[in-house]
Amino acid sequence: MTRRLFLLLTTLLTVGVIFFGWQVPQTTAKVPKILEFDTMVGVPQALTGSQNPIRGINGGGLPWKLSAASGELKTNGRLEIEVRGLVLAAGANNGSNPIANFRAIVSCPKSDGTTENITTGLFPATTGPASQGGGNADIEANVTLPQPCIAPLIFVTSPGGSWFATTGF
């Protein structure tokens, strides 16, 4: 009886695949990570504005600091970033985030010596003091990476593209 049931199920599956185009589930391969990080650094005073851009990206107009950050970039362009407490480190709003949206930039030097900076869309950020949850954001995006993407840097930026935090320490 067990053998007949097995043959019946096998036959039905084969007929379904051939005549009805049923798809046999396939295991999905794990996508390799290009970069994984557990920290970022806020823009220091010496890198604010246009005085010392990194890979063509200007720093925010004032220094920024953050409590925590983590994320990863995969070879298929999947980008995930979690920032907590990304707030101004100076000025009248010291300790607060006045910006309602952040972006991310993936910066990739290419094999021809040029750098390609890929910008995501906007992602909501909590405003207000870090002590009240200000400066939190979760960024999840798919970007098209150049091949190869050599030594990528990840930036969290203003809507206009000035960076507030970057990978590194």
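General remarks:
- Residue within the range 137-145 that is without any contact (Cβ under 8 Å) to a residue 60 or more places away in the chain, part of a loop (DSSP other than H, G, I, E, B) and either of a type in the set (Ser, Thr, Tyr) or surrounded by 15 or more Cβ atoms within 10 Å (Cβ to Cβ) (or both) present: no
- Residues that are free of Cβ contacts under 8 Å to residues at least 40 places away in the same chain and closer than 13 Å to residue 158 by Cα within the range 99-124 comprise 100, 121, 122, 123, 124, listed in sequence order.
- Residue, nearest to residue 34 (Cα to Cα), within the range 110-136, restricted to residues that are surrounded by fewer than 14 Cβ atoms within 10 Å (Cβ to Cβ) and of a type in the set (Gly, Ala, Ser): 111
- Scanning the range 146-169 for residues that are exposed (fewer than 13 other Cβ atoms within 10 Å of the Cβ), closer than 15 Å to residue 78 by Cα and either at pLDDT 95 or above or in contact with a helix residue (DSSP H, G or I) (Cβ under 8 Å, 6 or more places away or on another chain) (or both) yields no hits at all.
- Criterion (modelled with pLDDT of 95 or more, more than 16 Å from residue 166 (Cα to Cα) and not aliphatic (A, V, I, L, M)) met by exactly one of 49, 128: 128
The values are calculated or read from the model by the stated rules, or taken from the named source; none is laboratory data. Bear in mind that the values here come from a model prediction, so they are computed numbers and not experimental data. Every residue, glycine as well, gets a Cβ built from its backbone with ideal geometry; the counts of neighbours run over all protein chains shown.
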